[in-house]
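The values are calculated or read from the model by the stated rules, or taken from the named source; none is laboratory data. Source: prediction; values computed, not measured. No Cβ is skipped: glycine too gets one built from the backbone with ideal geometry, and neighbour counts run over all protein chains shown. Areas reflect the complete protein model, heavy atoms only, side chains present, ligands, DNA and RNA absent. Shrake-Rupley method; radii C 1.70, N 1.55, O 1.52, S 1.80 Å.
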Amino acid sequence: MNIALAVLLASLFTLNTANTTAVLENRDGRWRLPYYGARLANAADVTASEGGATRWHGDTRHLAYAAFGQPLVSMDVDKFGGLAVKHADGTITTELIAVGEKPVEIAEKGARHIVLKHRDKVYPFFVDQHFRAYDDCDVIETWLEIRHEEPGAAELSRMDSFALDLPRIARDYRLLTLSSWWGSEAKLSEATLARSQTITVNSRNGVRGAWDANPAFMLQLDGSAGEETGRVLGGALGWGGAWKMSFKRDWGDVVQICAGADNGAGAYRLDAGKTLRTPDFLFVWSERGRGGVSRAFHRWARNHRLPHGRALRDVLLNSWEGSYLTFKEQTLVDMMDGVKELGGEMFVVDDGWFGEGEFARDHDVNGDPAKGLEGGKCDAGLGDWQVNRRKLPRGLEYLIAEAKARGLKFGLWYEPEMANTLSRLCSAHPDWVMREPTRELKCGRGGTQCVLDLANPAVVDNLFDQLHAVWKTPGLDYIKWDANANIFNQGSPYLGRDRQANCWFDYTVGLYTLLDRLVKAHPATVIQACSSGGGRMDYGFLKYADEFWVSDDTDARERVFMQWGASHFYPASAQACHVTASPNHQTHRATPLKFRFDVAMAGRLGFELHPKDMTKDEIAFAKRCVADYKRLRPVVQQGDLYRLVSPYNDSSYAALMYVSSDREKAVVFLWGLNRGPNKDFPALVRLAGLDAARRYRITELNRLPGAAAHLRAEGKTLGGDALMNFGLEPMLANGDYDSCMLELKSIADQSE
Ligand code: DGJ
């Protein structure tokens, strides 16, 4: 019997997914989570044998949620747990006791939801701990709802979504996270978590949650896990504001993991009667190494998180690197012709289309893309989301009509959370900008950019009205939502003087409120999360957006590393990967067009160049690539990822593949990086995820006219067993950035 969420004894539950079990127990009036791992038939087997190895790690360990002040909790592990509250009377401890549980009915098939109810033993302070588990991907979402009825405000100096002491389940823990900065997003970072050490990973940028680290991790048990072997606990925080995750391993190998929003400086003041919902924390257990965690997150994202996660993403051209701020109406129409010819499906106008009169976003439009990154100064207009008629005299309606006339969808760039001091918005509402009243306003990009105070509902209303007015224009299909600043003025003119520290959390709540309202009003609109490149690569924003811009660094070589890193947590369908001009505008490195396609086709393919700058031969090649991509995008965007050869392993090449869920089709990418002669041959790349009993026809794609195939197996039909056990032997003989892309198709006729 599949007891997905069943009461075994009055106080013992299992929260199961297809392959995992979490045991939940009310023991001695406290909620515990004594086991999380591979699926078990009997939860009672855990409680019958656990505990007692040392008298120091007593029975009150492994609470489902560790708070500061629990008696005997965390004798050695971080005493503060995940929740630290100063109650209205000044007491700084919280003793959570179990006051029941409540299954929640949810419509989604294969999902179940339970709430563990806690309250303080003395104070009217309540914590509802939610768990929602999904069979199809083994991911569990958890979050807290915190409220109280104390006679004054409670101050929360910690309010983590997750705070768990893992039992002593391993003797060697290794932590994998992503390091990120502008132009260098999602780079792998790994460290051993040694005894009596704490590793803290955080970002206090406030706006760009994926700077300078990404809010996601893999904790590998028994040392470094393999791609397909080993036990790994994966976690991710659905929050793009300031956040913190900490991993403490005590003297006896108990590991405490805490993850949640970070207040920056000062405690969060929570008024009586108000409910604070913490960010979602997502966790998954894999017995199949890092690859197992990645595939689980990808499936969860596609099936349960991204607004249109099961839809295929369009091939688009974004105007930024092709014209920066310097476009005119005709530039954009020419680009539309270009993307149409290439076989693309959407055209997106980037920065520079808005602002009126003295605040029009054409200040200093004397730029030349060849001379600088942006070809303009970007110092005006943010906040004024009306069309810049000097540049676009016939308005958006004209551009949309031109796009539609070519059968293209149409998208538009925004940076709604920001304003320039040179804007109508700022001139009319200087108090809508985040700042401290007594300090000089520090500005970012262009010397005039500041962050709007989204803690203020009036600001959220204004932005909703401005955006809604444009978004309802028929034919506007896609929004690129950018954000190029961090919270450098740490104060909210709206919040009272006693709750300035709330501004970090409330900013993000305001942002998500705005997004929620817009997404509900425009359910078909697809949003791209962008924040100075990949600063918004997080599952907070991805509740509203279907994809993110991986990086402003569009150099294909750099993208191999970034896409590899991002793939640990985020699916290919969500990674916006654009073919750009060579030499690359960020690194000035020249790479072959084929290499640029082979890299970008491993994610959501697009362009960021002016097609008029392409030669006839390049256009002919690109058209073939786009056509093949459109045919194979169900596999790339919706298939299962297998990472084969890591670019981080001192290897001069990297390889990964996607397999369709029915294992009928696969796409393999092999990217040569900096390759010396006669060394590091990419021999025997063993494939994964195929059906060993089937035979697959191998076809190399993206071949240059007249070029020899990259492998002897080209055009042949080989068994899944041989492909996974013996492998393929491709040649990357043409120096740096030689690459190949293969299509595998299962062939019914076994005789071939
Ligand atoms: C930063 C983004 O990452 C770029 O793609 C581009 O949209 C610029 N902002 C525009 O200002």
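Can you grab the distance from the C-alpha centre of region 436-478 to the C-alpha centre of region 523-597, Å, no decimals?
Region 436-478 and region 523-597 have Cα centres separated by 24 Å.
Rank-order 29-36, 440-447, 684-691 by packing density, defined as the average count of other C-beta atoms within 10 Å over each peptide's residues, highest first.
The peptides rank, most packed first, as 29-36, 684-691, 440-447.
Quick check: from the Cα gyration tensor, does region 203-329 come out rounded (a/c under 1.5), prolate or oblate?
oblate
Of the heavy-atom accessible surface of the chain (probe 1.4 angstrom), what whole percent is carbon and sulfur?
Working: 13420 of 26710 Å².
Here carbon and sulfur together make up 50 percent of the probe-accessible area.
Rounding to the nearest 20 debye, state how big the charge dipole of the chain is about its Cα centre with +1 on each Lys and Arg Cβ and -1 on each Asp and Glu Cβ. Don't skip to the end; give the middle numbers.
Details: 90 positive and 97 negative charges, 165 e Å.
Taking the Cα centre of the chain as origin, the dipole is about 800 debye.
Can you work out the FRET efficiency for the pair Glu397 and Ala524, with r the C-beta to C-beta distance and R0 = 22 Å, to the nearest 0.05?
Efficiency, rounded to the nearest 0.05: 0.75.
Rounded to the nearest 10 Å², what accessible area does Lys679 have for a 1.4 Å probe in the complete protein model?
110 Å²
Compute the signed sum of charges (Lys and Arg +1, Asp and Glu -1) over the other residues within less than 15 Å, Cβ to Cβ, of Leu441.
Overall, the nearby charge balance is -1.
Efficiency by 1/(1 + (r/R0)^6): what FRET value for Lys679 and Ser224, r their Cβ-Cβ distance, R0 = 22 Å, to the nearest 0.05?
For R0 = 22 Å, the calculated efficiency reads 0.30.
Label points 7 Å out from Cα along the Cβ direction at Asp271 and Ala405: separation in nm?
5.5 nm
Of all DSSP beta bridges located in region 329-481, what percent are antiparallel, nearest 5? Each step should come with its number before you reach the end.
Values: 5 of 14 bridges.
Taking every DSSP beta bridge with both residues in region 329-481, the antiparallel ones total about 35 percent.
Just name one of Thr192, Leu317, Phe247: the one whose Cα is farthest towards the positive end of the charge dipole of region 179-337 (beta-carbon charges, Lys/Arg +1, Asp/Glu -1).
Phe247
Would you mind computing, in nm to one decimal, how far apart the modelled labels at Ala41 and Glu341 are, each placed 7 Å from Cα along Cα→Cβ?
6.7 nm
As a test, work out the antiparallel percent of DSSP beta bridges whose residues both lie in the chain, rounded to the nearest 5.
Antiparallel bridges make up about 80 percent of those DSSP assigns within the chain.
Among the listed pairs Lys102/Lys248; Lys480/Lys520; Lys404/Lys472; Lys117/Lys520; Lys409/Lys630, which have their C-alpha atoms separated by more than 19 angstrom in this model? Spell out each step's value before the answer.
On the way: Lys102/Lys248 31 Å; Lys480/Lys520 17 Å; Lys404/Lys472 16 Å; Lys117/Lys520 31 Å; Lys409/Lys630 16 Å.
Violating the 19 Å limit, Cα to Cα: Lys102/Lys248; Lys117/Lys520.
Once every DSSP H run of n ≥ 4 in the chain is given -39500 (n - 2.57) and the sum is divided by its residues, what mean residue ellipticity at 222 nm do you get, rounded to the nearest 500 deg cm²/dmol?
Details: 12 runs with 134 residues, N = 752.
My calculation for the chain gives -5500 deg cm²/dmol from helical runs alone.
Could you let me know the centre-to-centre spacing of region 118-186 and region 287-308, using Cα atoms, in angstrom?
Here the two parts' Cα centres lie 20 Å apart.
Using heavy-atom solvent-accessible surface (probe 1.4 Å) with all chains present, what is the largest-first order of Glu436, Glu105?
Output order, biggest surface exposure first: Glu105, Glu436.
Using a basic spin-label model with each label point 7 Å from the Cα along Cα→Cβ, how many nm lie between Ile97 and Lys623?
In this crude spin-label approximation the distance works out to 7.7 nm.
If a/c stays under 1.5 just call it rounded; otherwise compare a/b with b/c (prolate if a/b is bigger, oblate if not). Do that for the chain, with a ≥ b ≥ c from the square roots of the Cα gyration tensor eigenvalues.
Oblate, because a/c is 1.5 or more while a/b does not exceed b/c.
Which of the peptides 469-477, 198-206, 538-546, 617-625 is most tightly packed, and how do the rest follow, judged by the mean count of other Cβ atoms within 10 Å per residue?
Listed from highest to lowest mean packing, they are 538-546, 198-206, 617-625, 469-477.
Can you give the extra length, in nm with one decimal, that the chain gains between Ile169 and Ala708 once fully stretched, where that is 0.36 nm per residue apart less the Cα-Cα distance?
Taking 0.36 nm per residue and subtracting the Cα distance, the gain is 188.9 nm.
Students often forget the sequence filter, so: which lysines lie under 16 Å Cα-Cα from Lys716 once same-chain residues fewer than 8 apart are removed?
Within the straight-line limit of under 16 Å, Lys716 reaches these lysines: Lys665, Lys745.
Can you give the accessible area of His429, probe radius 1.4 Å, in Å² rounded to 10?
In the full protein context, His429 sits at about 60 Å².
In square angstrom, what is the accessible area per residue of the chain with a 1.4 angstrom probe?
36 Å²
Tell me whether region 94-159 comes out rounded, prolate or oblate; compute the Cα gyration tensor, take square roots of the eigenvalues as a ≥ b ≥ c, and use a/c under 1.5 as the rounded threshold. If you can, show how the numbers build up before the last one.
On the way: a/c = 3.03, a/b = 2.33, b/c = 1.30.
It comes out prolate by the Cα gyration axes.
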